[in-house]
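This report concerns only the one structure given below.
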Amino acid sequence: MGAEEAKTEAQEKSVIPLPDPVAKASYPKTSATVEKVTDKLDEKNSGAVADRDAVLAAIETEKRLALIKAWEESEKSKAENRAHKKQSATGTWESSMIAAAEAQLKMMEEKLEKKKAEYGERMKNKIAEIHKAREEKRAMIEAKRRENLVKIEEAAAKYRTSGTAPKKFGACSLGSFDF
């Protein structure tokens, strides 16, 4: 019973539970090893119990190592899957952040275009006001010129009717009239 207690303790302490010794036949590798051992036992009848215990211990060790290897591969696969999932999540996050930044950029561009259009409209209005003021000034200058021409014609008619000549002649006489 000492060997069975040791096996039970080993099963309880191990991370991966060891399979039942009854289920040994379900492992083809193990049964092949058992057959080889049985063949060896047939050849060597002396000390068969000691050899058999050693072979069974080797088989148990081999099974335990196979389970550990399977567990290790499973854990590696899980770690790879977790890493892949996180990388996918990071890629999705990056895509959403880029889309948000592009949307913000587009909004800013639209806002700037709107401001540009408003500013352009203001400048066009200002240019129109300048043209209007120029036309008003031109009209005032033209009116003043006509007024001065009328004054000159009236003065000339007065001098003609009175038969007198103007006292000032040339550039100096024009000083009284504003153009």
* Sticking with the crude label model, points 7 Å out along Cα→Cβ, report the distance from W71 to H84 in nm, one decimal please. => 2.4
* To do: Give me the percent of the accessible area of segment 53-179 that comes from carbon and sulfur atoms, probe 1.4 Å, all protein chains in place.
  => 61
* Given a Förster distance of 41 angstrom, what is the FRET efficiency for K124 paired with K151, based on the Cβ-Cβ distance and rounded to 0.05? -> 0.50
* Relative to the present Cα-Cα distance, how much length would full extension add between R64 and H131 at 0.36 nm per residue of separation? -> 14.2 nm
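The values are calculated or read from the model by the stated rules, or taken from the named source; none is laboratory data. A quick note: this is a predicted structure, and the numbers were derived from the prediction, not measured. Every residue, glycine as well, gets a Cβ built from its backbone with ideal geometry; the counts of neighbours run over all protein chains shown. These area figures cover heavy atoms from the full protein model, side chains too; ligands, DNA and RNA do not enter into them. Shrake-Rupley method; radii C 1.70, N 1.55, O 1.52, S 1.80 Å.
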